[in-house]
1. Between a residue in the range 315-328 that is touching a residue at least 40 places away in the same chain (Cβ under 8 Å) and any residue that is of a type in the set (D, E, K, R) and in a loop (DSSP other than H, G, I, E, B), which pairs come within a Cβ distance under 6 Å, given they are 6 or more apart or on different chains?
2. Among the numbered criteria (1) surrounded by fewer than 21 Cβ atoms within 10 Å (Cβ to Cβ); (2) in contact with a Cys (Cβ under 9 Å, 6 or more places away or on another chain); (3) under 17 Å from F171 (Cα atoms), which one does R71 miss?
3. Kindly provide the set of residues from the range 74-106 that are surrounded by fewer than 18 Cβ atoms within 10 Å (Cβ to Cβ) and either among the small types (G, A, S) or out of contact with any strand residue (DSSP E or B) (no Cβ under 8 Å at 6 or more places or on another chain) (or both), ordered by number.
4. Look through the range 135-189, keep the residues that are in a loop (DSSP other than H, G, I, E, B) and among the β-branched types (V, I, T), and return whichever of them is surrounded by the fewest Cβ atoms within 10 Å (Cβ to Cβ).
5. For the structure I just gave you, tell me whether Y115 is over 16 Å from G275 (Cβ atoms), buried (at least 20 other Cβ atoms within 10 Å of the Cβ) and of a type in the set (S, T, Y).
6. Could you list, in sequence order, the residues of the range 288-318 that are within 18 Å of the chain's Cα centre (by Cα), modelled with pLDDT under 95 and either farther than 26 Å from C165 by Cβ or surrounded by fewer than 20 Cβ atoms within 10 Å (Cβ to Cβ) (or both)?
7. Among the listed residues Q12, Q19, identify the single one that is out of contact with any Leu (no Cβ under 8 Å at 6 or more places or on another chain), more than 30 Å from L324 (Cα to Cα) and either of a type in the set (F, W, Y) or at pLDDT below 95 (or both).
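The values are calculated or read from the model by the stated rules, or taken from the named source; none is laboratory data. Being a predicted model, the structure only gives us computed values, none of them experimental. When we count neighbours, we look across all protein chains shown, and the Cβ atoms used for this are built from the backbone with ideal geometry, even at glycine.
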Amino acid sequence: MPPARQQNYGPQFQGPDQQMQQPFFQYSQCNGKKKALCIGINYFGQDAELRGCINDARNIQRFLCSQFGYRMEDIVMLTDDAQNPLQIPTRQNILNAMEWLVRGAQPNDSLFFHYSGHGGQTKDLDGDEDDGQDEVIYPVDFQQNSHIVDDDMHAIMVRPLPPGCRLTAIFDSCHSGSALDLPYTYSTEGKIKEPNLAAEAGSGLMTAVSSYARGDMSGVMKSAMGIMKAATGGQKKAEDYARATRTSPADAISWSGCKDSQTSADANEAGRATGAMSYAFITALSQNPQQSYMQLLNSLREILRAKYSQKPQLSSSHPMDTNLLFIC
């Protein structure tokens with residue numbers, strides 16, 4: 001099990017009350033309430049129709065129940081073959097379901113979000129993306145009502161979570177590497193890909209992290225703007241800004257089917273239409289349920305390497321020990 005106590009990281013800094021503080025987070029023990037939201041969109045009758053996404057949502061639903069102890073009645077399904085209009089994955093229904101997922105969240109709860117459908121990119125307006133593009137997902141009614149951007153998904157599903165509450169997200173969609181806007185991304189050796197917060201952070205970043213933990217978004221924005229003015233070079237600036245505004249004391253992790261620059265395959269495995277990432281996730285954990293985060297990332301890459309160019313990504317809301325056992 002992960003450590004139960006609060007985890008501090010990074011250098012100390014002076015807080016608003018002149019006391020010395022340090023950024024912190026708390027791992028979830030995942031022994032509290034379990035809730036899940038599974039979304040599968042095939043876009044029936046639309047130009048870019050997909051075949052495997054509804055299968056993915058149902059497969060993940062069954063897998064969560066059989067492997068991780070979730071109950072059917074605690075899983076909301078949104079698929080575009082649903083008879084109930086409230087279960088159609090429209091933009092509004094998806095946003096409502098995201099809010100339902102995190103409502104009443106407590107420490108040690110385990111929340112699970114799965115999306116299989118089209119993903120894409122749009123121009124980044126707030127400076128948190130080093131490639132200048134925000135990642136988006138496409139509801140079934142996106143042509144009428146637009147997409148859902150990663151900044152909004154983060155604001156709805158990550159920001160409200162208390163310390164010690166787990167959110168596990170899977171994005172089986174194109175351009176999904178940073179679809180939940182979590183600031184720490186890991187290599188297959190389990191190391192943070194960009195410079196570590198502890199090594200790079202100045203007091204502005206620490207103040208922003210502290211403000212985030214208190215829910216003081218104006219403090220976050222003020223500190224983040226200072227970081228953006230001080231930083232040199234676009235990529236470094238975006239990394240600092242993302243960490244200042246997206247680091248969280250909760251325990252959020254995201255598995256995505258590919259890098260931001262890649263597409264995710266709508267595949268056929270064992271004679272059934274499926275998303276390659278959803279298939280790999282279920283296959284890897286069925287073959288070996290006891291894997292660390294680093295082992296699971298490598299397993300996902302290994303399963304997909306034979307047939308696909310996409311590289312699954314692991315990211316988190318805080319620096320994490322990737323040698324810990326994956327739980328959800």
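1. Pairs found: none.
2. All conditions pass for R71, except number (3).
3. If the condition is that a residue be surrounded by fewer than 18 Cβ atoms within 10 Å (Cβ to Cβ) and either among the small types (G, A, S) or out of contact with any strand residue (DSSP E or B) (no Cβ under 8 Å at 6 or more places or on another chain) (or both), then D81, A82, Q83, N84, P85, L86, Q92, N96, E99, R103, G104, Q106 are the ones that fit.
4. T188
5. Taking the combined requirement at face value, the residue does not satisfy it.
6. Those that are within 18 Å of the chain's Cα centre (by Cα), modelled with pLDDT under 95 and either farther than 26 Å from C165 by Cβ or surrounded by fewer than 20 Cβ atoms within 10 Å (Cβ to Cβ) (or both): R301, Q310, K311.
7. Details: Q12 fails: more than 30 Å from L324 (Cα to Cα).
Exactly one of Q12, Q19 is out of contact with any Leu (no Cβ under 8 Å at 6 or more places or on another chain), more than 30 Å from L324 (Cα to Cα) and either of a type in the set (F, W, Y) or at pLDDT below 95 (or both), namely Q19.
One line per residue, one yes/no per condition, for (1) closer than 25 Å to N288 by Cα; (2) more than 20 Å from the chain's Cα centre (by Cα); (3) modelled with pLDDT of 95 or more:
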{"residue": "K34", "(1), (2), (3)": "yes, no, yes"}
{"residue": "D47", "(1), (2), (3)": "no, yes, no"}
{"residue": "G52", "(1), (2), (3)": "yes, yes, no"}
{"residue": "R58", "(1), (2), (3)": "yes, no, yes"}
{"residue": "Q61", "(1), (2), (3)": "yes, no, yes"}
